[in-house]
Amino acid sequence: MEDVSAGPRVAALLLAAGGGRRLGGRPKALLRHHGRPLVEHAVRVLREGGCLPAVRVVLGAAAAEVREQAELPGCVLLENPDWARGMGSSLRTGLRELPGSGADAALVFLVDQPGIGPEAVARVLAAARSPGTLAAASYGGRRGHPVLLGRTHWAGVAAAAAGDHGARDYLRTHAARLELVECGDVADPADVDTPGDLSRLTP
């Protein structure tokens, strides 16, 4: 059973709506990794890293196929009808569902970064101290994912999210409050974006 007395409750928000335009229209959530849809791997990483079990997964491209093919028990599946407009719309879709969840913070994770494992998730989670927390993994000092957004930031992040920027503009504006958590020694932030990147996946 989850020990919620140890600190803030953190809800995981997995953005898995991308259509894989540069992959020839292959939805990223359904790319195969260790023989299963990549979205399953990402959910497992979040849970093993310490997030609350009810991972919120934002779907978009081929959402019906993801529901059919991926085994995601205990997840809250959300659909973003505007997924083609970019990551910002998916982030807004997820953040809209969090008020009333009891979560003090949200950990935002991207489905297409298979080199980021539970160790990096756990490090970023450890930065959660209050609803005002703002933190992100860093790789050699460069900000990356996952990103931890305390509850007091959700409305501002949603308002600033546009196109493929997600929380980027908000984090830049609030850089003085942002805690960077170095994860370069335990994770590889490279994403799967083009056919050449498919080698990052294990059949």
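Worth pointing out:
- Restricting the search to helices (runs of 4 or more DSSP H) fully inside segment 105-203 and requiring at least 2 residues that are charged (D, E, K, R) and under 25 Å from E48 (Cα atoms) gives 118-125.
- Residue pairs whose Cβ atoms lie under 8 Å apart, sitting 6 or more positions apart in sequence or on different chains, and linking a residue in segment 143-160 that is under 21 Å from S89 (Cβ atoms) and in contact (Cβ under 8 Å) with a residue 60 or more places away in the chain to a partner that is among the charged types (D, E, K, R) and surrounded by fewer than 24 Cβ atoms within 10 Å (Cβ to Cβ), are A158/R92; A158/R96.
- Residue that is surrounded by the most Cβ atoms within 10 Å (Cβ to Cβ), among those in segment 24-45 that are within 14 Å of the chain's Cα centre (by Cα) and free of Cβ contacts under 8 Å to residues at least 60 places away in the same chain: V43
- Residues of segment 57-87 satisfying the condition of being more than 21 Å from A187 (Cβ to Cβ), open to solvent by 40 Å² or more (accessible area, probe 1.4 Å) and under 17 Å from the mean Cα position of the chain (by Cα): G74, V76, L77, E79, W83
- Answer residue from segment 162-188, given it is of a type in the set (G, A, S) and at pLDDT below 95 and is surrounded by the fewest Cβ atoms within 10 Å (Cβ to Cβ) among those: G163
- Tabulated pairs, segment 46-66, first within 10 Å of L77 (Cα to Cα) and among the charged types (D, E, K, R), second assigned to a helix (DSSP H, G or I) and open to solvent by less than 30 Å² (accessible area, probe 1.4 Å), C-beta under 8 angstrom, 6+ apart or interchain: R56/G94
- Selection within segment 23-76 - of a type in the set (G, A, S), part of a loop (DSSP other than H, G, I, E, B) and within 30 Å of G7 (Cα to Cα): G49, G50, A54, G74
The values are calculated or read from the model by the stated rules, or taken from the named source; none is laboratory data. This is a predicted model, so every value here is computed, not measured. Please note: Cβ atoms are built from the backbone with ideal geometry, for glycine as well, and neighbour counts cover all protein chains shown. Ligands, DNA and RNA are stripped out before the accessible areas are found, and what is left, the full protein with its side chains, is counted by its heavy atoms. Shrake-Rupley method; radii C 1.70, N 1.55, O 1.52, S 1.80 Å.
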